[in-house]
Amino acid sequence: MLFFSSLKKFTIHAIIGANVASILVMLLVGYSDRLNPAEHPVLSSVGLVFPFLLVVNVAFLLFWLLVKPRVAVIPVLGLIINYVPVRTYCPINFSREVPDSALKVLSYNVKMFEVNEKVEDMHATLHYVLNSNADIVCLQEARMRNRWNQALYDAYPYHDELIYGGMSHVIMSRYPIVGKERIPYPTHANGTAAFYLTIGGERVLVISNHFETNGLSVSEKHEIQEMAKGKTSGDTLRQESRRLIVKLGNAASKRAPQADAVARYISEHQDMPIIVCGDFNENPISYVRHRIARDLTDCYIESGSGPGWTYNHGSMKVRIDNIMCNDRFVPCRCEVDSKIAASDHYPIICWLKMQHK
């Protein structure tokens, strides 16, 4: 009897230790977005495991509530300690009323329309944008052709594009576009466009990003899915994990100076109303998102709910598209629309109330 009592006590203590260890690891991973990938490339992608650590801590909470309720205080404290990264990854906000005067902003990586998509998907995307009733539309990987975009141009009297790497940032607006420029930074085939609009007599800066891609092949994405499902093990798992971590780290180290350049541009124009959007190609717990959001409000975190996955390739789901703004706007509501699957991204939409001086 004494043996079983000691074994039970030892097991409980071991599980408590595992719970505490998972909280500490979650804390380290949750704040890894402060590390510059240019200096720490291998650690740059650890934010990808944050949701798994969050699920583990919630599982511990449920376990303790069933087995030893008093100990449930440990995972509860874990969630409190990790409040900032938990809210960054999976915010929960109550629905707010959207005023009629709010701007509706739509950001969508359309995956080059007909280049990689079926014609019916391309038309679905065009119809979706037309029916969105957005005031400002920013499209990445647009590569628009006149024969396809005339309907959009008819719906939006103000439109422009900035070409990068054979693709383009396209902006369509109900407000005059009075200027544009590319924000310079080293890149292989990506880019960031700065568009200037006039809204209510004020010049507004709208920045559309498409930061460096990870460059994963279809087979490599499949490998990641297989590993996530636990179908890869042993030496193969170790070798493939090491190779993919290196590849992801190299891509992240390229995105870091790109994010730095955009952040400096934002800082230089903080006297203007600013909207920043686009495909960051990084998960919420990342240096790129944190660096851009440092002087801005992340609209999804402020007014969205749930993980808000915008990338939807198979079982790989993560929020890599964002809309942000400075203090000249108040985010009223932000959401990811998963009803359209014409691209490997979902569109992200935000309603912003402009604060006029």
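The values are calculated or read from the model by the stated rules, or taken from the named source; none is laboratory data. As the structure is a prediction and not an experimental result, all values here were calculated from the model. Note that we place each Cβ from the backbone using ideal geometry, even for glycine, and neighbour counts take in every protein chain shown. Each accessible area value is taken on the protein alone, full model and side chains, heavy atoms only, with ligands, DNA and RNA left out. Shrake-Rupley method; radii C 1.70, N 1.55, O 1.52, S 1.80 Å.
Would you mind finding the one in H290, H356 that is in contact (Cβ under 8 Å) with a residue 24 or more places away in the chain and surrounded by fewer than 16 Cβ atoms within 10 Å (Cβ to Cβ)?
Result: H356 is the single residue among H290, H356 that is in contact (Cβ under 8 Å) with a residue 24 or more places away in the chain and surrounded by fewer than 16 Cβ atoms within 10 Å (Cβ to Cβ).
Looking at A21, A72 in this structure, which one is open to solvent by less than 20 Å² (accessible area, probe 1.4 Å), assigned to a helix (DSSP H, G or I), out of contact with any Asp or Glu (no Cβ under 8 Å at 6 or more places or on another chain) and over 20 Å from M316 (Cα atoms)?
The match here is A72.
With the structure loaded, tell me whether K317 is over 22 Å from V49 (Cα atoms) and without any contact (Cβ under 8 Å) to a residue 12 or more places away in the chain or whether it fails that test.
no
For region 189-231: of the residues being among the basic types (K, R) and within 23 Å of the chain's Cα centre (by Cα), which is modelled with the lowest pLDDT?
This residue is K229.
Can you tell me how many residues within region 93-126 are at pLDDT 95 or above and either β-branched (V, I, T) or over 26 Å from G304 (Cβ atoms) (or both)?
Within region 93-126, residues that are at pLDDT 95 or above and either β-branched (V, I, T) or over 26 Å from G304 (Cβ atoms) (or both) number 1.
Among the residues of region 265-287, count how many are in a helix (DSSP H, G or I) and either within 16 Å of G191 (Cβ to Cβ) or open to solvent by less than 10 Å² (accessible area, probe 1.4 Å) (or both).
2
Mind checking whether some residue in region 154-163 is under 29 Å from N131 (Cβ atoms), open to solvent by less than 10 Å² (accessible area, probe 1.4 Å), aromatic (F, W, Y) and assigned to a strand (DSSP E or B)?
no
Can you tell me which residues in region 75-114 are assigned to a helix (DSSP H, G or I), touching a Gly at 6+ places or on another chain (Cβ under 9 Å) and surrounded by 18 or more Cβ atoms within 10 Å (Cβ to Cβ)?
P85, V86, T88, Y89
Consider region 307-353. How many of its residues are surrounded by fewer than 19 Cβ atoms within 10 Å (Cβ to Cβ) and assigned to a loop (DSSP other than H, G, I, E, B)?
The qualifying residues number 11.
Return the residues of region 147-165 that are in contact with an Asp or Glu (Cβ under 9 Å, 6 or more places away or on another chain) and modelled with pLDDT of 90 or more; say none if nothing qualifies.
Of everything in region 147-165, just one residue is in contact with an Asp or Glu (Cβ under 9 Å, 6 or more places away or on another chain) and modelled with pLDDT of 90 or more, namely L162.
Residue under question is A38, and the condition is that it be of a type outside the set (S, T, Y), touching a residue at least 24 places away in the same chain (Cβ under 8 Å) and either more than 13 Å from V71 (Cα to Cα) or assigned to a helix (DSSP H, G or I) (or both); does it hold?
On the way: of a type outside the set (S, T, Y): yes; touching a residue at least 24 places away in the same chain (Cβ under 8 Å): yes; either more than 13 Å from V71 (Cα to Cα) or assigned to a helix (DSSP H, G or I) (or both): yes.
It is true that A38 is of a type outside the set (S, T, Y), touching a residue at least 24 places away in the same chain (Cβ under 8 Å) and either more than 13 Å from V71 (Cα to Cα) or assigned to a helix (DSSP H, G or I) (or both).
If you check E302 against the conditions, is it modelled with pLDDT of 95 or more, closer than 25 Å to S338 by Cβ, assigned to a helix (DSSP H, G or I) and open to solvent by 20 Å² or more (accessible area, probe 1.4 Å)?
So E302 passes the test.
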